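> Would you mind keeping the following structure in view while I ask a few things?
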Amino acid sequence: MNNSVSNTGRLLVAALRMLLALTVVTGILYPLAVTGVAQALFQDKANGSLVKADGKEVGSSLIGQSWDLPKLNPDDEAEAARPDPRWFQPRPSNSGYDPLATGSSQLGASDSRLVQAVADAKRQVAEFNGVPESEVPKDAVTGSASAIDPHISPEYAGIQVRRVARENGLAEQQVAKLVEEHTEGRTAGFLGEPHVNVLKLNLALRDPAKR
């Protein structure tokens with residue numbers, strides 16, 4: 001009996017020692033090591049790829065955001081957002097670009113509600129940018145799976161050039177050059193599609209030194 005109790009006690013002590021050792025290694029030392037390496041070699045990405053303008057954080061290059069006019073009635077939560085014509089607009093977002101509410105609409109391609117929403121969006125985008133509906137690219141009327149995609153296609157940026165130039169009193173060539181400069185190619189040369197980061201493009205548009 002005494003031997004059994006003694007053996008059980010030793011096993012418990014050994015188990016507690018192992019638990020303590022693993023807690024220190026995996027819960028403290030390993031996270032500190034990974035954080036240290038990330039801060040030393042990949043500080044920008046480790047801190048959320050934050051973008052600054054005039055010394056202030058204005059967003060993340062990984063998370064899209066809305067570029068809307070102020071609400072006519074700030075207290076009316078049901079008031080529809082009105083895109084600001086001075087800025088390049090992102091693709092539609094099911095969550096209103098809320099990073100805490102990511103996700104698509106979950107509607108299938110044949111769902112009549114999605115079909116109607118896409119048709120309405122195409123008409124609105126065409127009217128807003130003064131182009132035929134046939135020139136409206138797919139990403140201008142469909143949201144991403146995450147609902148916070150920070151990028152648009154060069155084609156969507158291209159149909160916005162005339163409007164943005166007019167609203168900001170700039171030459172179309174100036175704005176088109178900004179789009180070209182901010183168009184990123186495929187990752188590793190073959191992954192994904194060419195894309196434009198809306199936040200970076202609009203910040204360049206706002207900065208006279210970058211025009």
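> Considering only the range 34-59, state which residues are of a type in the set (A, V, I, L, M), surrounded by 10 or more Cβ atoms within 10 Å (Cβ to Cβ) and part of a helix (DSSP H, G or I).
The answer is Val34, Val37, Ala38, Ala46.
> Within the group Gly189, Gly158, which residue is outside any helix (DSSP H, G or I) and out of contact with any Ser or Thr (no Cβ under 6 Å at 6 or more places or on another chain)?
So the residue among Gly189, Gly158 that is outside any helix (DSSP H, G or I) and out of contact with any Ser or Thr (no Cβ under 6 Å at 6 or more places or on another chain) is Gly189.
> Please go through (1) surrounded by fewer than 16 Cβ atoms within 10 Å (Cβ to Cβ); (2) on the phi > 0 side of the Ramachandran plot; (3) not β-branched (Val, Ile, Thr) for Ala147 and return the number of the only condition it doesn't satisfy.
(1)
> Is it fair to say Glu77 is without any contact (Cβ under 8 Å) to a residue 60 or more places away in the chain, exposed (fewer than 10 other Cβ atoms within 10 Å of the Cβ) and under 25 Å from the mean Cα position of the chain (by Cα)?
For Glu77, the condition - without any contact (Cβ under 8 Å) to a residue 60 or more places away in the chain, exposed (fewer than 10 other Cβ atoms within 10 Å of the Cβ) and under 25 Å from the mean Cα position of the chain (by Cα) - is met.
> If you don't mind, another one. If only one of Gly169, Gly158 is surrounded by fewer than 12 Cβ atoms within 10 Å (Cβ to Cβ) and among the small types (Gly, Ala, Ser), which one is it?
Gly169
> Can you find a residue in the range 24-33 that is on the phi < 0 side of the Ramachandran plot, surrounded by 11 or more Cβ atoms within 10 Å (Cβ to Cβ) and in contact with a Lys or Arg (Cβ under 7 Å, 6 or more places away or on another chain)?
Within the range 24-33, none of the residues are on the phi < 0 side of the Ramachandran plot, surrounded by 11 or more Cβ atoms within 10 Å (Cβ to Cβ) and in contact with a Lys or Arg (Cβ under 7 Å, 6 or more places away or on another chain).
> Also, I was wondering about something else. For the structure I just gave you, tell me whether Asp98 is modelled with pLDDT under 90, under 26 Å from Ile63 (Cβ atoms), among the acidic types (Asp, Glu) and within 16 Å of the chain's Cα centre (by Cα).
yes
> Note down all Cβ pairs under 6 Å where the first residue falls in the range 95-122 and is assigned to a loop (DSSP other than H, G, I, E, B), the second is of a type in the set (D, E, K, R), and they're at least six residues apart or on different chains.
Filtered contacts from the range 95-122: Leu107/Arg113.
The values are calculated or read from the model by the stated rules, or taken from the named source; none is laboratory data. This is a predicted model, so every value here is computed, not measured. Reconstructed Cβ throughout: ideal geometry from the backbone, glycine too, with neighbour counts over all protein chains shown.
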